[in-house]
Amino acid sequence: MSFLKKMFGKKDPIDEMRELHARKDWVSLLNVIKRVDQTALDAELQAEVTAWKNAASDALATTNLEEGLWAHKSGNLLRAREDFQLAIEQAHTESLREAAQQALATLEEGGALAEEDASEDGPALHAGCNTGCGPSCGPTDASDVADDDIGLDEEARMELLLATLPPDLAQRYAEAGTEFKQAWLASQDGEDQLAQEHLAKVPESERNALFLFERGALKARSGQPAKAADDLRAALTAEPGLFPAFDTLVGVMAATGQREKLALLLKQNIAAEQFTGYCWARLAELHAQRGEAEPALAAGLKSLEEGLVDPGILTMCAQLLERSERFDEAEALLMQMPGGGCGGGAHPMLAEFWVRRGQKLGSALESFKGAMRQERDNPRWLLRIAQVYLAKGWKKEATEQIEQLMQQGGLPEEILAEVKIAAEACRND
């Protein structure tokens, strides 16, 4: 595909990885790492690539954990399960994996989230986090990755947090003034009021783009979107390439419903070849929200051609291609999704596509069985297995699965509707 050619053309893969790490384009970074023979690298480069891989894995896991917590709070349990499972599979840091496992266990037990686990802001202020946010984008971006900081002194905590940032950005935070660093540490601990107090003491001579970004991010989280946007725009005026500020500004504008202005901003940056893949992806989301299928697909495919393999955009494009009966293209995109569970195999979304097309039913069945081993109480996988049995003509086996599902209470409406259709198919000759 054209976007793979663009990603793996003449550019040195190490340089490619460094650029992707600096942009915090975690998905693309992991894709490049998978295709590099690390045994051919010297020890220093191997260690650097391993550090990039670990940081990318934890960043994606953190994003999925946050989105899962919000989906759980919003009542979208299927989406929450998917996000938590992804976080478990992606996490490198043990404490992060345990947090995702605990969130999944709480969901399966029907328990309520702790109040601090699902911020009232929700993911709206963190739009585009699958590409990697700035250090203050989300409440767990760096603090979760850096463990709970229990028993660590300030210097050790600072080193752990800096390790989660691109090298150039980490150096700038390390070399910043005392008040700014105190504000940043407080921000990572969720102590926004304390962070604001420290920022207020930063000398005028040190109030650079990074300062404006951090202050803007704090204002965004404290419910001051207009003031936040002012600071973030000022940060980008001072430093147009500061992606965390741009990402946070996009989130603020999206959360406050400024769709026309946001679309214009994204198009301006595309024209300036600034954050191109990211901007196409966000533009695709805007079109999709308006129900504009063709522009959404065109923008989404543009983002993929730029090498930004955002799972959400990839899925959206695949769905739109399928609706347009461009089945081969839809399948090709879904093939880019990572294999399901520890045993690999097809991603469940690819398997669902195959079932809808009546293709590769054996591979789809294995995918659903693998998913069910990971999520034993998720009715979605039992339903999918029953649907494969029906497609194969195995009505007796399908009926057993459907009866088991019908005995379960509290099925989500969308699952219950599909169960009823499958039950009717089982009864028909």
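The values are calculated or read from the model by the stated rules, or taken from the named source; none is laboratory data. All values reported here derive from a predicted model rather than from experimental measurement. Heads up, the Cβs are rebuilt from the backbone with ideal geometry, glycines too, and the neighbour counts pull from every protein chain shown. The accessibility values were calculated without ligands, DNA or RNA, using every heavy atom of the protein model including side chains. Shrake-Rupley method; radii C 1.70, N 1.55, O 1.52, S 1.80 Å.
Below is a table of values for the structure above.
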| read-out | value |
| --- | --- |
| Residue count, region 174-216 (criterion: open to solvent by 70 Å² or more (accessible area, probe 1.4 Å) and on the phi > 0 side of the Ramachandran plot) | 0 |
| Residue in region 344-351 that is modelled with pLDDT under 90, more than 26 Å from GLY300 (Cβ to Cβ), open to solvent by 20 Å² or more (accessible area, probe 1.4 Å) and small (Gly, Ala, Ser) present | yes |
| First in region 210-222 and touching a residue at least 12 places away in the same chain (Cβ under 8 Å), second anywhere and of a type in the set (Asp, Glu), Cβ under 7 Å, 6 or more apart | LEU212/ASP231; ARG215/ASP231; GLY216/ASP231; LEU218/ASP192; LYS219/ASP231; ARG221/ASP121; ARG221/ASP192; SER222/ASP192 |
| Failed item in (1) free of Cβ contacts under 8 Å to residues at least 40 places away in the same chain; (2) among the small types (Gly, Ala, Ser); (3) open to solvent by less than 30 Å² (accessible area, probe 1.4 Å), with ALA272 passing the rest | (3) |
| Output for region 246-259, where each listed residue is over 15 Å from THR276 (Cα atoms) and either of a type outside the set (S, T, N, Q) or surrounded by fewer than 24 Cβ atoms within 10 Å (Cβ to Cβ) (or both) | LEU249, GLY251, VAL252, MET253, ALA254, ALA255, THR256, GLY257, GLN258, ARG259 |
| Criterion: among the charged types (D, E, K, R) and over 30 Å from VAL27 (Cβ atoms) - qualifying residue of GLU424, GLU366 | GLU424 |
| So LEU283, is it in a helix (DSSP H, G or I) and open to solvent by 30 Å² or more (accessible area, probe 1.4 Å) | no |
| Tally of residues being acidic (Asp, Glu) and within 14 Å of ALA298 (Cα to Cα) across region 323-334 | 1 |
| Residue under evaluation THR315, criteria (1) open to solvent by less than 10 Å² (accessible area, probe 1.4 Å); (2) assigned to a helix (DSSP H, G or I), criterion not met | (1) |
| Check on VAL36, closer than 20 Å to LEU242 by Cα and either within 16 Å of the chain's Cα centre (by Cα) or not polar (S, T, N, Q) (or both) | no |
| Test: residue in region 332-348 that is in a helix (DSSP H, G or I) and either more than 29 Å from LEU304 (Cα to Cα) or of a type in the set (Lys, Arg) (or both) | no |
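For (1) in contact with a His (Cβ under 8 Å, 6 or more places away or on another chain); (2) part of a helix (DSSP H, G or I); (3) closer than 20 Å to PHE353 by Cα, each residue gets a yes or a no:
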{"position": "ARG384", "(1), (2), (3)": "no, yes, yes"}
{"position": "ALA391", "(1), (2), (3)": "no, yes, yes"}
{"position": "LYS396", "(1), (2), (3)": "no, yes, no"}
{"position": "GLN401", "(1), (2), (3)": "no, yes, no"}
{"position": "GLN404", "(1), (2), (3)": "no, yes, no"}
{"position": "LEU411", "(1), (2), (3)": "no, no, no"}
{"position": "ILE415", "(1), (2), (3)": "no, yes, yes"}
{"position": "ALA423", "(1), (2), (3)": "no, yes, no"}
